[in-house]
Amino acid sequence: SPQGSLIATGAKDTSVRFWDTLSGVCVRTLPGHLGEVTSVEMSDDGRQLLTSSKDNSHRLWDMRMLRPLQRFKGHQNTSKNFIRCTFAHPSLIVSGSEDGLVYMW
């Protein structure tokens with residue numbers, strides 16, 4: 001997080017976990033994906049979180065309410081591939097996968 005006290009991680013069990021950097025304790029677990037979470041990125045201002053999963057989707061989360069705002073689909077058959085997305089710009093999300101395709105939203 002921009003404040004530096006929180007780290008978000010993705011897990012094979014399909015969840016996103018938030019960890020306190022000082023205590024090392026998991027302070028929150030979010031369900032939401034149907035497959036392994038392979039990518040997690042927080043926006044520069046800390047207001048949004050972007051996650052990617054082997055369920056062929058990306059989710060944009062509201063960090064204040066800790067709920068999904070939007071779901072993006074594009075990549076196919078990624079159950080065995082790595083899938084990654086990033087904030088290329090505050091209004092542009094880019095994703096790529098071992099399927100060889102790049103998507104922009």
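The values are calculated or read from the model by the stated rules, or taken from the named source; none is laboratory data. Just so it is clear, the model here is predicted, and its values are computed rather than measured. All Cβ positions, even for glycine, are placed from backbone atoms using ideal geometry, and neighbour counts span all protein chains on display. Heads up: the accessible areas ignore ligands, DNA and RNA and are worked out on the full protein's heavy atoms, side chains in. Shrake-Rupley method; radii C 1.70, N 1.55, O 1.52, S 1.80 Å.
Leaving out ligands and nucleic acids, and using a 1.4 Å probe, what accessible area per residue does the chain come to in Å²?
About 58 Å² of surface per residue is accessible.
Please work out how much accessible surface residue 89 shows to a 1.4 Å probe, ignoring ligands, DNA and RNA, in Å² rounded to 10.
Accessible area of residue 89: about 100 Å².
How much of residue 82 can a 1.4 Å solvent probe reach, expressed as accessible area in Å² and rounded to 10?
Per-residue accessible area (residue 82): approximately 100 Å².
In whole angstrom, how long is each semi-axis of the equivalent ellipsoid of the chain, when you take the square root of 5 times every eigenvalue of its Cα gyration tensor and sort them from largest down?
Equivalent-ellipsoid dimensions as semi-axes: 22, 16, 11 Å.
Dipole of the chain, Cα-centred, from +1 at each Lys and Arg C-beta and -1 at each Asp and Glu C-beta, to the nearest 20 debye?
240
Which is the longest part of the chain that has none of the trypsin sites (Lys or Arg not before Pro) sitting in a DSSP loop with at most 11 other Cβ atoms within 10 Å?
By the stated rule (loop sites, at most 11 other Cβ atoms within 10 Å), 13-63.
Spin-label point model (7 Å from Cα, Cβ direction): what's the residue 45 to residue 62 distance in nm?
Between residue 45 and residue 62, the simple spin-label model gives 1.4 nm.
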